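A short write-up of the structure that comes next.
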């Protein structure tokens, strides 16, 4: 449950590759996680295209800063860019993120003005993120 309701507007099942440390000797304070694909379900349906990235910075206390950008292809052919920033506490499997979507497709123009709260959790093959639309202020 979130402060904005109990039902997510849509869900992302994001498939990822193994993290690549930018400093292989120490496993690095920064690592890159490539997005290999995934699915979209709920009010929006489609796929997550391979090629996106999740840059992760590991803080001294073990908290992970998450900054991801990838491309969605909806069932109607529209393409939507997703940008996400969030934090995952050390040892936690879940995290919150702030998500923005952008598309040139007029059928989904309302996404350009929306902001979403992402409720994510790690899974063996990647992450599952439920997206809740934030109300306008």
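Where in the range 1-107 are the strands (runs of 3 or more DSSP E), entirely inside, with at least 1 residues that are on the phi < 0 side of the Ramachandran plot and touching a helix residue (DSSP H, G or I) at 6+ places or on another chain (Cβ under 8 Å)?
Details: elements: 10-16, 30-42, 46-48, 53-58, 64-74, 79-88, 94-102.
Ranges flagged: 64-74, 79-88, 94-102.
Give me the pairs, please: first residue somewhere in the range 112-130 and at negative phi, second residue anywhere and part of a strand (DSSP E or B) and loosely packed, with under 14 Cβ neighbours inside 10 Å, beta-carbon distance under 6 Å, and either six or more positions apart or on two chains.
Final answer for the pair search is 112/102; 121/94; 128/121.
Could you list, in sequence order, all residues of the range 56-68 that are surrounded by fewer than 15 Cβ atoms within 10 Å (Cβ to Cβ) and at pLDDT 95 or above?
Listed by number, the list holds a single entry, 67.
Looking at the range 78-101 only, could you name the residues that are exposed (fewer than 13 other Cβ atoms within 10 Å of the Cβ) and in contact with a strand residue (DSSP E or B) (Cβ under 7 Å, 6 or more places away or on another chain)?
93, 94 - these are the residues of the range 78-101 that are exposed (fewer than 13 other Cβ atoms within 10 Å of the Cβ) and in contact with a strand residue (DSSP E or B) (Cβ under 7 Å, 6 or more places away or on another chain).
The values are calculated or read from the model by the stated rules, or taken from the named source; none is laboratory data. Remember, it's a predicted structure, so these values are computed and weren't measured experimentally. Cβ sites come from the backbone with ideal geometry, for glycine too, and all protein chains shown count toward neighbours.
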